[in-house]
Structures are given as C-alpha cells and as structure tokens.
1. Using a cut-off of under 16 Å, list every residue of region 156-183 whose amide N is near the label point 7 Å from the Cα of THR41 along the Cα-to-beta-carbon line.
2. Rounded to the nearest 500 deg cm²/dmol, what is the calculated helix-only ellipticity per residue at 222 nm for the chain, with -39500 (n - 2.57) per DSSP H run of length n ≥ 4?
3. At 7 Å along Cα-to-Cβ for each site, give me the label-to-label distance between ARG121 and THR280 in nm.
4. Could you work out the relative contact order of the chain? I mean the mean sequence separation of Cα pairs under 8 Å and 6+ apart, divided by the number of residues, in percent.
5. Measuring from label point to label point, each 7 Å out along Cα→Cβ, what is the ASP6 to LYS111 span in nm?
6. Two decimals, Cα atoms only, Kirkwood Rh: what is Rg/Rh over the chain?
7. Top mean-square fluctuation among ASN177, ASN217, ASN242, Gaussian network model of the chain, C-alpha springs under 10 Å?
8. Please list, ordered by chain and number, the residues whose modelled amide H lies under 5 Å from the amide H of ALA345; skip anything fewer than 5 residues away on the same chain.
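Coordinate-derived values only; no laboratory data. Keep in mind that what you see is a predicted model, and the values were worked out from it rather than measured. Cβ sites come from the backbone with ideal geometry, for glycine too, and all protein chains shown count toward neighbours.
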Amino acid sequence: MNTFKDLGIADGYLKGLAELGIQTPTEVQYKTIPKLLGKTTDFIGQAQTGTGKTAAFGLPLLASVNATLPQIQVVVLAPTRELAKQVQKQLFKFTKYTERIFSEVVCGGDKIDRQIEALKRPTQVLVATPGRLMDLLRRKAVDLSHVKILLLDEADEMLKQGFRDDIESVMKITKGNRTIWLFSATMPPGIKKMISRYISAEAPFLKIDKKHIVNPNIRHQFILCKEGEKLDQIVRFLEDRNEQRGLIFCRTRADTIAFGKSLESNGISNVVLHGDLMQTERDKIMRMFKKERARILVTTDVSARGIDVEGLSFVIHHQLPEKNEYYTHRSGRTARAGKTGISLALITRFDEKRIARLEKQLGISFREVG
C-alpha cells in the first residue's frame, strides 16, 4: 500500500492531502489507517511526534462522521492549547474538498463565553483540552451523548500535566457505544493502568520500534565547548545556514530572554516564547514566527509539544533538557513530514555522560561537530 488511495481514503480527502503536499503515507499512517477506517474498535498507538499521526487518526476520524447530523460525534483531547488548535486546523484542511464537517476547538486561555456561543452551532468534531472541556460540561454547555469516538492525543503528556481525573471523567460520561483511540509517545505506568481499565483487551496495538522513538530523519550532533562559548558557536552555526529557520531551546525563562537579546545584537532576528507570557502574547509571537517575520524562535520546553511550523531545518539545544524524554519532543520540531533536519546540542564536559545516556535510551547516535 503505497498511496492514500490504496488505504481506502476517499477522493475528496485525497485532493485535500495533495494540496497540503502530503503524497505518500508515513509508517504510522499506513499501519494505522487500515485499523481505524470504517472500524468500531478501540485502538492504542505508540508513535513519536513528527511522524504524521494527526493524519493517521484524523482521516479515519473524519470518515466516521455523519455530516447530516449536527451533534458532536467525535471528541479529541489534547494536552495543550497549541496542540489542540493545531489538530483542529489540520482536520479543517483535510475537509476542504469533502462534505462540510463542522469542528470547534475549546481550550483554556480563550474566553469561555465565546466558546459556549460557538457550541450552539452545529458541531460534529470537538477538539479540547481536558480542563476546559470539564468546565463546559459543568456549565451544561456541551452535549457528549452522541459521541462515537473519544481520541486521546499525546496521552502521556496529559497525565504529566495532571489531567488524569478529567480524562477519566470524560471517559465515563461518554461511556456506551463510543470507542477510544489513544496515541502516546511513551507508555508509562499511568497510561498502562488507564488502558487496562477503559480500553478493550482486544484493541489493536501499534508500537513503533523503540529504536525509532526519535524520528530517523533527524541528524543528531553536538558541539563540546565551555558555557561562555555557546553563543559564538550558535551564531557561527546560524551564519553557515544562511536563512534556514529553526528553534533554540533554553531551560529557563531568564535564559530565553537573555539569549534572544544576544542573538539580536548579533544581527539574528528572533522571537522569544516562555510559559510566563499571557496567552495573547504567545499567540502573537507564534503568528510572527509562522509568518517568517523572525528567523529563530527561542523558547523553553513549553513549545516542545504542539508547535507545528513548516520547514524548520534545525533545533538547537542551548542546554540539554532536564529529562531525556523531552529531547524527543524538542528534536521532533524538525524533520517533519518526511523531510530531514538537524538536532544540535551545545554541551560542556559535564554533559558528556548525558549524551551517552540519550544514545542508549533513545536508540540514536550523536556526531561531534565544530
């Protein structure tokens, strides 16, 4: 099966995919779509970020919707506002040449009154963060009695952010004829417990080989230097790549602000994103970056998930993340949709053992450069 047509995707969606430049199914797509398209079964998928899983679940999900019925038939839960909006936007693009399917996104940071008004219109697909969905349910502003599919995207991250109770409440509220589709980059004990309690033991389970938890199209590199030499090394790297665009990850808010100013003084246009910004400010910064008004986005790990910007050639780690698993989510911002990219770490002598642990845990190989 080398094409989406071979997988059974309808012509209208094929046209939409072609317009988006999505021609050949990725591994997660050609393995997942046949298990979900036209099926009424629970499903568990373990796939890393950047593999095309939104299309893997999104196309079967949309195909399940009865466009003649105005009620919510599908709920997608996502851990962050950014990811929820990204998923809803992608689903909307897939349906450009199909029968109209109405979708809404509800998440914290937006005015709930506006969301309540929007949900009075026909809505067949609802994408939500768990906390905001529970707020709407408590206000009796949303009806989930017709839900056929409940999809959990990046389930591991939702548990880390403390959404377990909200997720389980939604599972109980929608219990009946609905199926659960769960996607997660990792399978920690909390996810396994949730699977055993709420998902059929016969559910298909797709697991990408552990050796490929990190996108194989990413080249992993490191530069060994002193802390005070990192700026010069990064500036040299950026100058060698002309106008290529990418992300630079720092650990703290203070680091992002200081490093953004340092880049600016070296003539490199950038914007800075961190968790202490108001949501309106974060949205403004992301619009600027997506519209290429800045070449570099300097950010904390708040952007490691749910930020989908096309054509990023590299990710730079000013410092390695505190947890090894965050490396997967950081580096997954490049080499998306079949393209290649570089993940470059600036390390000191104290970090050399971390590189070895990342190689062993994630099944990747680093090359020293610089």
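1. Backbone N within reach: 179-183.
2. -11000 deg cm²/dmol
3. Taking the two extended label points, one gets 2.2 nm.
4. 19
5. About 5.1 nm separates the two model spin labels.
6. Taking Rh as the inverse mean 1/r over Cα pairs, Rg/Rh reads 0.97.
7. Comparing ASN177, ASN217, ASN242 in a Gaussian network model of the chain, the most mobile one is ASN242.
8. Counting only residues 5 or more places away or on other chains, the set is GLN221, PHE222, ILE223, HIS317.
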